[in-house]
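One structure coming up, written as structure tokens, with questions to follow.
What follows is calculated from the coordinates using simple rules that are stated; it is not laboratory data. Computed from a prediction, not measured in an experiment: that's the story for all the values here. FYI the Cβ positions are ideal-geometry reconstructions off the backbone, even for glycines, and counts take in every protein chain you see.
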Amino acid sequence: MDFLYARSWDEALAAKAERPDAVPISGGTDLMVDLNFDRRRPDALLDLNGVEEFTRWERVNGHVRIGAAVPFTRIINEIGSLVPGLAIASRTVGSPQIRNRGTLGGNLATASPAGDALPPLMVADATVEVGSVRGERTVPVREFFTGPKRSVLEPDELIRAVLVPVADGPQQFAKVGTRNAMVISVCSFALALHPARRTVAGCIGSAGPTVLPTPDAEQYLEAELADRRLWDSRAELDEAVATRFGELAGAHARPIDDVRGTADYRRHAVAVLARRTLQWTWTEYRRAQR
Amino acid sequence: MRLTFDVNGVGQQADDVWPGESLLYVLRERMGLPGTKNACEQGECGSCSVYLDGTLVCACLVAAPQAQGRAVRTVEGLATDSAGGLDHIQQAFVETGAVQCGFCTPGLIMATDDLLANTPTPSDAEIREALAGNLCRCTGYEKILDAVRLAASRRTEVTP
Ligand SMILES: Cc1cc2nc3c(=O)[nH]c(=O)nc-3n(C[C@H](O)[C@H](O)[C@H](O)COP(=O)(O)OP(=O)(O)OC[C@H]3O[C@@H](n4cnc5c(N)ncnc54)[C@H](O)[C@@H]3O)c2cc1C
Ligand code: FES
Ligand code: FES
């Protein structure tokens, strides 16, 4: 096995082009488990830790551009108020040791439906900057995943950064697991309110082959909020509306039975999480002064 | 490959490192530092916790070559000021009975060191959160919480 170091984005792309068999390694929290247990034996590893720009974030035109190797701990501590949904989800990842190393780039490339960063990125309409020596492109997160552990990332491409719009309204994320820390989610749900556009966005995690948006629930809620003029009045939200929103969201789940939970349980739990995240975000919206 | 890095303040070199091996393996098997424990090799138990450039990480999840040119601090490096003695966190673990078989202890001491460096007077919720990545099969955790509280109280006494 060879170990390749890269000091810049260009060096990393050149190394990947020269050695297509090289597997990138960032925080190692997914990849090293596979190596330790002999599940993967790549011919080469390409270390991304030395690429300084990967570890930076910056504000650009109403967005936060987060380098692929910014670890979860720094997302929580440094940009939590700009991307609250992503920060809440980041707080649920693993343990302090895992959050100190695990990165957005790794979470996206692994493309697990249980990746906790993915639902909040979906509802925030984030885009992923990817590139290879052939050129660079941006892919909306909504178009990034093609199946379980599969994405549109080409074999020679690397993830450079994630562009997340600064939150324009309340965002929430909730996750069901067997305990409070160190759990792969049984299912999860992210919700964002976009008051300026008068839209809402929901996304299910870990209850389908990929993370799943919830358009029926969104359309229902947007219509209710408009008909009842709730965006303007900021009045209380009917319990029945929140419950119906949850049911419609749950209907979008495509869960399986596995060791972590049954399909029926997951569908039910998604509905509960969707209802709760709606109640939390709406309460926050009502409190916020214009 | 050859790996040169700093371990507990001393420049070190390891030869014939296989690029896919973990920092944990290098520390234990090549550096002769068995304080950092190997239990799960999948980031679940925290017994391999070390500082990598000052950040608490699971050594089992760091590829050894990723430590090239970097500084690693292990549990062996904590008590260096006290001439063979224990530092105040280690002392607190001993006094409160937080050590039974002792396998989890080095990792918990590293995690406690990291917690108290950033949060000198942690709440119980903060202690639990900071130690969430460290498993103990013996103590039931109560004595470990006592140890952290004791270490925190002594730390605030010495650093006003
Ligand atoms: C104990 C434990 C608990 C965990 N808990 C959670 C959890 O609660 N929630 C959760 O979502 N995840 C969890 N994980 C999984 C993991 O921490 C996350 O998926 C993390 O985001 C991976 O990031 P990384 O940088 O460590 O990835 P790495 O292991 O370095 O890489 C993962 C994959 O991504 C590729 N890759 C990395 N960076 C790039 C890039 N820039 N461009 C292209 N490809 C790239 C690698 O080649 C590899 O295939 C846990 C893992 C462990 C060990
Ligand atoms: S051995 Fe590294 S976390 Fe268990
Ligand atoms: S004292 Fe035995 S595992 Fe903690």
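Obtain the radius of gyration and the Kirkwood radius of chain A from its C-alpha atoms and give Rg over Rh. Working shown, then result.
On the way: Rg = 19.3 Å, Rh = 19.5 Å.
For chain A, the value is 0.99.
To continue, here is another question. Expressed as a rounded percentage, what relative contact order does chain A have, with Cα pairs under 8 Å and six or more residues apart?
On the way: 622 pairs, mean separation 43.6, N = 290.
The normalised contact order for chain A reaches 15 percent.
Can you tell me the dipole magnitude for segment B:1-98 around its Cα centre, using point charges on the Cβ only (Lys, Arg +1; Asp, Glu -1), in Debye to the nearest 20? It would help to have the intermediate numbers written out before the result.
Numbers: 6 positive and 12 negative charges, 23 e Å.
With Lys and Arg at +1 and Asp and Glu at -1, about 100 debye.
If you place +1 on the Cβ of every Lys and Arg and -1 on the Cβ of every Asp and Glu, how big does the dipole about the Cα centre of segment B:25-160 come out, in debye to the nearest 20? Before the final figure, lay out the partial values.
Numbers: 11 positive and 16 negative charges, 52 e Å.
The calculated dipole for segment B:25-160 is roughly 260 debye.
Expressed as a whole percent, how much of the Cα-Cα distance distribution for segment A:76-186 exceeds 24 Å? Kindly include the intermediate steps, with their values, before the conclusion.
Details: 1461 of 6105 pairs.
The answer is 24 percent, as a whole percent.
Then there is this: Along the charge dipole of chain B, Cβ charges K/R +1 and D/E -1, which of B:115, B:38, B:69 sits furthest on the positive end?
Going by the Cα projections, it comes out as B:38.
Right, next: Work out the FRET efficiency for residue B:15 and residue A:197 from their Cβ-Cβ distance, taking R0 = 60 Å, and round it to the nearest 0.05. Present the calculation step by step, with values, prior to reporting the outcome.
On the way: r = 60 Å, r/R0 = 1.00.
Here the calculated transfer efficiency is 0.50.
Rounded to two decimals, what is the ratio between the C-alpha radius of gyration of segment A:2-165 and 2.2 N^0.38 Å?
Working: Rg = 14.8 Å, N = 164, 2.2 N^0.38 = 15.3 Å.
Working it through for segment A:2-165, the quotient is 0.97.
To continue, here is another question. Report, ordered by chain and residue number, the lysines lying within cross-link reach of residue A:16, taken as a straight Cα distance under 25 Å and ignoring same-chain residues fewer than 8 apart.
Reachable lysines: A:149.
Compute the distance from the alpha-carbon center of segment A:8-46 to that of segment A:97-163, in whole Å.
16
Turning to a different aspect of this structure: Using r as the Cβ-Cβ distance of residue A:178 and residue B:154, and R0 as 30 Å, what FRET efficiency do you calculate, to the nearest 0.05?
Details: r = 35 Å, r/R0 = 1.18.
Efficiency computed from Cβ-Cβ geometry: 0.25.
Sticking with this one: So how strong a dipole does the protein assembly as shown carry about its Cα centre when Lys and Arg Cβ are +1 and Asp and Glu Cβ are -1, to the nearest 20 debye? Please list the in-between numbers first.
Details: 48 positive and 57 negative charges, 180 e Å.
Around 860 debye, computed over the protein assembly as shown.
Putting +1 on Lys and Arg Cβ atoms and -1 on Asp and Glu Cβ atoms, find which of A:200, A:22, A:124 reaches farthest to the positive end of the dipole of chain A.
Value: A:200.
Would you calculate a helix-derived [θ] at 222 nm for the protein assembly as shown, using -39,500 (n - 2.57) for each DSSP H run of n ≥ 4 and dividing by the full residue count, to the nearest 500?
Values: 15 runs with 153 residues, N = 450.
Only helices count here, giving -10000 deg cm²/dmol.
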